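Here is the structure we will look at.
What follows is calculated from the coordinates using simple rules that are stated; it is not laboratory data. What you see is a predicted model; the values in this text were computed from it and never measured. Reconstructed Cβ throughout: ideal geometry from the backbone, glycine too, with neighbour counts over all protein chains shown.
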Amino acid sequence: MFKQSNVTYNGETFKLEGSGIQKKETRAKDLAGYFSDSTAYQALDPETVMYQVEFQDNGLAEGTAGGLYFGITHLYPGVVGEEYYLTKGHFHAKRNTGEYYFGLQGQGLLMMTENGETILEKVVPGSVHYIPGNAAHRLINTGAEMLSVSACWQTESGHDYAPPEEMFPQRVFRDEVGKPIIKNNS
Ligand code: M6P
Ligand code: ZN
């Protein structure tokens, strides 16, 4: 018999629809220590939503071997001081498990760091990104609109939120003409 999936991707809103969707919001208060300009960070309303993640609830518990998750991150545009809004970023708790990102909406960067070396891939609608299994990874919104990026990762990967300065030795700022520039953590 034919069966309808309980989750649909809406290409106009860039969001998931249906039943069985889990959502998680990350607010300014959850990002203490993630931005270089602590004065500008403290000036934010702590309840400001910085990004939302939605993913299909496929019934699998994190840590289950063999399964996959599919989700979408929606990262708002903006800067803290001159540093662009970003996701926390993480290693996979089970190392050497890769992940795919796929750009849906907006303009940004995927920062991947492995053994102290940083790769920044431009994320645009339609861009496909393979994240190697041992790389710390995060999204950075360098554009003026929402950055929406879909992701597919293994149920057994988990998230290792190591201290940000241990994961990412470089940062991305807005320069005087509004273009992204890379700086080393001092
Ligand atoms: C993507 C995936 C998720 C991740 C989310 C937000 O959707 O990589 O596993 O949770 O981005 O990123 P973070 O967990 O680093 O805040
Ligand atoms: Zn990941």
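Take GLN170 and ASN10, extend 7 Å from each Cα along the Cα→Cβ direction, and tell me the distance between the two endpoints in nm.
Inter-label distance under the simple model: 3.7 nm.
Per-residue counts of other Cβ atoms within 10 Å, averaged by peptide: what ranking do you get for 171-178, 154-161, highest first? If you can, show how the numbers build up before the last one.
Numbers: 171-178: 13.5, 154-161: 16.4.
Result, highest mean Cβ count within 10 Å first: 154-161, 171-178.
If we count other beta carbons within 10 Å of each Cβ, what is the order of LYS88, LYS183, fewest first?
Working: LYS88 17, LYS183 13.
Ranking LYS88, LYS183 by Cβ neighbours within 10 Å, fewest first, gives LYS183, LYS88.
When only DSSP loop residues count, what chymotrypsin sites (Phe, Trp or Tyr not before Pro) in the range 1-81 have their Cβ near at most 14 other Cβ atoms within 10 Å?
Values: sites: PHE2, TYR9, PHE14, TYR34, PHE35, TYR41, TYR51, PHE55, TYR69, PHE70; in loops: PHE2, PHE14, TYR34, PHE35.
Sites meeting the loop and neighbour criteria: PHE2.
Which GluC sites (Glu not before Pro) in the range 1-71 pass both tests, a DSSP loop state and at most 11 other beta-carbon atoms within 10 Å?
Values: sites: GLU12, GLU17, GLU25, GLU47, GLU54, GLU62; in loops: GLU12, GLU47, GLU62.
Filter output for the range 1-71: GLU12, GLU47.
Got a sec? Charge dipole of the range 19-184, +1 on Cβ for Lys and Arg, -1 for Asp and Glu; which of ASN115, VAL149, ALA162 is way out at the positive end?
It is VAL149.
Give me the count of lysine pairs in the range 19-184 whose alpha carbons sit under 24 angstrom apart, restricted to pairs 8 or more positions apart or on different chains.
Taking the range 19-184 as the scope, the lysine pair count is 10.
Mind checking the dipole of the range 1-153: about its Cα centre, +1 per Lys or Arg Cβ, -1 per Asp or Glu Cβ, Debye to the nearest 20? Spell out each step's value before the answer.
On the way: 11 positive and 17 negative charges, 86 e Å.
The calculation lands at about 420 debye.
Once the dipole of the range 19-184 is set up with Lys and Arg at +1 and Asp and Glu at -1 on Cβ about the Cα centre, which of THR39, SER19, VAL128 lies farthest towards its positive end?
Result: VAL128.
Of MET50, THR97, LEU75, which is farthest towards the positive pole of the range 42-129's charge dipole, taken about the Cα centre with +1 and -1 on the beta-carbons of Lys, Arg and Asp, Glu respectively?
Of the listed residues, the answer is THR97.
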